[in-house]
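This report refers to the structure that appears directly beneath it.
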Amino acid sequence: MLFNSFVFLLAFLPVTYVVFWSLRTAKARYVWLTITGYVFYGYWDPRFCLLMAFSTLVSFTAGLGFLRWTDPRRRRLLLVVPITVDLLILGFFKYANFVFASLGKVLNWAGAAVETPHWNIILPVGISFYTFHTITYIVDSYRGVIKPTRNLFEFSAYVSLFSQLVAGPIVRFRQIEEDMEKLGEADRTRWLNLGISYFLLGLLEKVVVADTLAFFVDRELAHYHLLSTGGAWLAMLGYSFQLYFDFAGYSDMAIGLGYMFGLRIPINFNSPYKALDPSDFWRRWHISLSSCLRDYVYIPLGGNRRGEWNAYRNLLLTMLIGGLWHGANWTFVIWGGYHGVLLALYRRFSATWDKVPRGIRQVAMFLLALFGWVLFRSTSFEMAAQLFATMFAPTKGIGIEGSVGYIAAVIVAAGWAMVGPNAQEMHTDWRPAPRRILALAAAAGASLAVMLGSGSSPFLYFQF
Amino acid sequence: MKRMLRGIALLAIASVVVLVSAETMARLDDAVRMGTPFLASPEYNDLIMHDSLGIRGRPLAQYQKWRLNSAGFRGSEISRVPQPRCIRVAVIGASETFGYYESPGKEYPAQLADSLREKGCYEVVNAAIAGMSLPAAIQLWDNWVSRFRPDIVVLYLPPAFYLSEDPPHFAEPTHEGASPVPSRFALRLMDRLHDRIEYPDFIQRKRVAKSISREIAGKSDDWFFRTLPADRLALFRTHLDSLVTSIRATGAVPVLATHAMRFSDPPKASDADLLRSWRKFSPRATEDVLLAFERAAAVSTRELAQERGLPLADVAGLMTGQTQWFADFTHFDDGGAGVAASVMARVIERLVVPRTAGGRAVVTGYGQSPAADYR
């Protein structure tokens, strides 16, 4: 089910909301959130609900174990076994064919004529996200950062929370533990205004901005090999903003939904295209993922504690893993590696870089991110190489059809992303003043018009 | 009390803002995505005009995803004369050819162009008009499409028009100039809402039944086609033959394509509602007769091709009954349009024999000596 679909907006959300607030106890609300989470997820393919339930049970049981045992060996076992199970599930569904294909290529390259299998595996939507949720829960329980819950429904409500289930943000249990504990006493009206405003702004970002750009970008990149230099640049500019508004829009809707149900979900984007350097970019882009990578990969690897070269190595390894998390394709791995190199270079030359005028740094960082998106968007290295070649060597070809409208859309998107305020900057001092209500009404009307025209398009991050 | 009134006023204003914003955005969205002028209120019928040449596409008209070039054909601009060393293929048909449900660029003439482009220099002209009957096609060919000198003309025309109240007839040319686009204001939001609404099956069934009942109310029993009307089938064949003769007279090679439908023989139970919906357009015929007429027209088309030595693209032979390729009774989805295009492409490829590298190509008929040398 998509947030920007009529079935969600007109049926699922109102029913879920009304029933949720008519329930009085935290336990009943946990149960209801679990049920609705599974309905939301099962609407796509009910078979995979079992997988999520299994993953939930494994992690919950591990949490109970942490409460019971203090012996370090047992606790380590409780850490390793469920994480291994989670990673095996993720590995099977997401990476099995990738591993086979890569292995096959290596063997063929080495001269062995081996045909590797290709299994017909459906990638469950959002598996990367809820696996991360469960793993962070287990690690935080092991570290003693959180006290694992004894309430199965509290935990299952956390894992299957529909607002952040399939495309994040990656909410760690500790980040909403307090709100979850007090769910029975939550005040319906306290954050309702905030929730609605976040949700409508997110809807506007996704439906009006991202989907409009996608209309052109998808069509042009479908024949990337025919594009002219100008066409390739325009397509990638559009994709950069499409990706941002698509994912930031989803995240803002998720945050808004969280507020509507009394849960404060942390922000996931903070105007990343205003970033001045790679480090700043990753503090602003997909914040929940980058902070998880920092806390659960980079720091355990040693972080920057054992000298500069180890810090570079750790940055590179962390970002390679981050790239692989996005998808089972070497283009994602190289995209991660590219950002790892950028982060290492910035670490080495930050003193010099920081002296460059602010405007130049912002544009340069945006362009560096855009080059990364070429790898990210490409389905193969051949496509990435062709796009880079077209962008950097003057090439005759086709431009963007309907380019006036498209360029106008890119300018609006660029202005909002690079200069304008983001959702959390807009919501500060949110009160139901008439001016704001009318502004949100306008946002709702605009989103409705586009949804009626082009239907509900899936969020880009669903594929991860 | 005052506070409540204020709240109600705010709610009313907010509702107006939602509607104004939605209408404005719908117009902006159309302008950005499709280049539709912001203040215009186009309709599907604006794509068609009636002038001294008969009924044809309105030059440069556009409505939603449909956009016509300056010659009134769907697709990009074409020159009056084909490019040197290129084969020009015109496709004449009704809405199945013009494209209805397919994504832009996925209607079968566009996919045919994509397929043929890989084989050499071809130009494909989508000369279809939604709702075009065979007599209208003859007029369109004689008065307009033939001026663009196609080398090959694919004919994919629906026979169901021959089951309407009166048989299809030639349109009277109007000498008052092209019918203008009426000046009007319509809410684009309503257009979008109308396109998006999908009624539940039981409501849709009732709507169809009501529509058919209205059409057949008060009709005597002999008004209905309860058996296949042989005279109508013969007329279909006569008109098709006339069109073929007319095309051949210009030196172009006609390719006959049999008309496909989604319904198998017998139709699947799951298609019952759709079959009933189809009858809305030809209420005179029973559902059995509708199906029988389509099948008989396909047979008749094959026979005509055989008798006159014409190339045949047997689209019906391959696609009829294959529900997965249709978006409704006869209109293709993207995949179905691709299949139809590939059937036609194979026939066209066999017609064109490159004579020398870079030299003239020859278009031949089936089993005939080369019919014409081209450029």
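Which value, in debye to the nearest 20, gives the size of the charge dipole of the protein assembly as shown about its Cα centre, when Lys and Arg are +1 and Asp and Glu are -1 at the Cβ? Kindly include the intermediate steps, with their values, before the conclusion.
On the way: 85 positive and 69 negative charges, 541 e Å.
So the magnitude is around 2600 debye.
Can you work out the accessible area per residue across the range A:285-334, with the rest of the protein chains kept in place, probe 1.4 Å, in square angstrom? Intermediate results must be reported in sequence, preceding the final value.
Numbers: 2190 Å² over 50 residues.
That works out to 44 Å² per residue.
Work out the charge dipole of the protein assembly as shown with +1 on the Cβ of Lys and Arg and -1 on the Cβ of Asp and Glu about the Cα centre, then indicate which of B:299, B:254, A:444 is farthest towards its positive end.
A:444
Rank A:110, B:16, A:186 by how far each Cα sits towards the positive end of the charge dipole of the protein assembly as shown (+1 on Lys, Arg Cβ; -1 on Asp, Glu Cβ) and give me just the farthest.
A:186
Per-residue Cβ counts within 10 Å, from other chains only, averaged over A:435-444: what number is that? Don't jump to the answer; show the numbers that get you there.
Working: counts 0, 0, 5, 7, 2, 3, 12, 8, 4, 5.
Mean number of neighbouring Cβ atoms from other chains: 5.
Roll a 1.4 angstrom probe over the protein heavy atoms and tell me the percent of accessible area of the range B:196-355 that is carbon or sulfur.
Numbers: 3930 of 7480 Å².
Ligands and nucleic acids excluded, carbon and sulfur reach 52 percent.
For the peptides A:29-40, B:303-314, what is the packing order when you average, over each peptide's residues, the other Cβ atoms within 10 Å and list the highest mean first? If you can, show how the numbers build up before the last one.
On the way: A:29-40: 20.9, B:303-314: 16.8.
Averaged packing, sorted descending, gives the order A:29-40, B:303-314.
Among DSSP beta bridges lying fully in the range B:45-373, give the percent that are antiparallel, nearest 5.
Percentage antiparallel, nearest 5: 45.
Using the basic label-point model (7 angstrom from Cα toward the beta carbon), what is the residue A:61 to residue B:288 distance in nanometres?
With each label point 7 Å from Cα toward Cβ, the separation is 6.4 nm.
Quote the FRET efficiency, to the nearest 0.05, computed for residue B:270 versus residue B:350 with a Förster distance R0 of 41 Å and r equal to the Cβ-Cβ distance.
Details: r = 37 Å, r/R0 = 0.90.
Efficiency, rounded to the nearest 0.05: 0.65.
Where in chain B are the DSSP H helices whose alpha-carbon span along the long axis reaches 18 Å or more and whose Kyte-Doolittle mean is at least -1.0?
On the way: long enough: B:2-34 (47 Å, 0.92); B:201-216 (22 Å, -0.69); B:230-249 (28 Å, 0.27); B:287-307 (30 Å, 0.00); B:334-351 (26 Å, 0.67).
The answer, listed by residue number, is B:2-34, B:201-216, B:230-249, B:287-307, B:334-351.
Please tell me which of these pairs span more than 25 angstrom C-alpha to C-alpha: A:105/B:119; A:105/A:396; A:396/B:119; A:27/A:147; A:182/B:2? Display every interim value, and only then the final one.
Details: A:105/B:119 33 Å; A:105/A:396 34 Å; A:396/B:119 22 Å; A:27/A:147 18 Å; A:182/B:2 36 Å.
Distance filter (> 25 Å) returns A:105/B:119; A:105/A:396; A:182/B:2.
Suppose every K and R has +1 on its Cβ and every D and E has -1 on its Cβ; what is the size of the dipole of the range B:205-247 about the Cα centre, in Debye to the nearest 20? Kindly include the intermediate steps, with their values, before the conclusion.
Details: 9 positive and 5 negative charges, 106 e Å.
Around 500 debye, computed over the range B:205-247.
Probe radius 1.4 Å, ligands and nucleic acids ignored: give me the carbon and sulfur share of the accessible area of the range A:245-337 as a rounded percent.
Working: 1820 of 2910 Å².
C and S fraction of accessible area: 62 percent.
Return the value, in Å² to the nearest 100, of accessible area buried between chains B and A (probe 1.4 Å, both sides summed).
Working: alone 18740 and 20360 Å², together 37350 Å².
Chains B and A together bury roughly 1800 Å² of accessible area.
Going 7 Å from the Cα of residue A:6 in the Cα-to-Cβ direction, what parts of the range B:189-231 have a backbone nitrogen less than 11 Å from that spot?
The answer is B:192-200, whose backbone nitrogens lie closer than 11 Å to the label point.
List the residues of the range B:1-39 for which accessible area in the full set of protein chains is at least 40 Å² lower than for the chain on its own; 1.4 Å probe, protein heavy atoms only.
B:10, B:17, B:18, B:21, B:25, B:32, B:33
Residue B:268: which lysines have alpha carbons under 26 Å from its alpha carbon, excluding same-chain residues fewer than 8 sequence positions away?
B:206, B:210, B:280
Using the heavy atoms of the protein chains alone and a 1.4 angstrom probe, what is the accessible area of the range B:84-220 per residue in square angstrom?
Computed with neighbouring chains in place, this is 50 Å² per residue.
Just order A:103-114, B:62-73 by mean Cβ neighbour count inside 10 Å, highest at the front, would you?
Result, highest mean Cβ count within 10 Å first: B:62-73, A:103-114.
Taking R0 as 56 Å, what FRET efficiency do you get between residue B:16 and residue A:283 from their Cβ-Cβ distance, rounded to the nearest 0.05? Write down the numbers at each step before the final one.
On the way: r = 42 Å, r/R0 = 0.75.
With a Förster radius of 56 Å, E is 0.85.
Modelling each spin label as a point 7 Å along the Cα-to-Cβ direction, I'd like the residue B:196/residue A:106 distance in nm, to one decimal.
5.0 nm
Place the peptides B:118-124, A:352-358, B:336-342 in order of packing, highest mean first, counting for every residue the other Cβ atoms within 10 Å and averaging per peptide. Before the final figure, lay out the partial values.
Details: B:118-124: 17.4, A:352-358: 10.4, B:336-342: 22.7.
Result, highest mean Cβ count within 10 Å first: B:336-342, B:118-124, A:352-358.
The values are calculated or read from the model by the stated rules, or taken from the named source; none is laboratory data. Values in this document were obtained by computation on a predicted structure and should not be read as measured data. For neighbour counting, all protein chains shown are included, and Cβ atoms are generated from backbone atoms with ideal geometry for every residue, glycine included. Heavy atoms of the whole protein, side chains included, go into the accessibility calculation; ligands, DNA and RNA do not. Shrake-Rupley method; radii C 1.70, N 1.55, O 1.52, S 1.80 Å.
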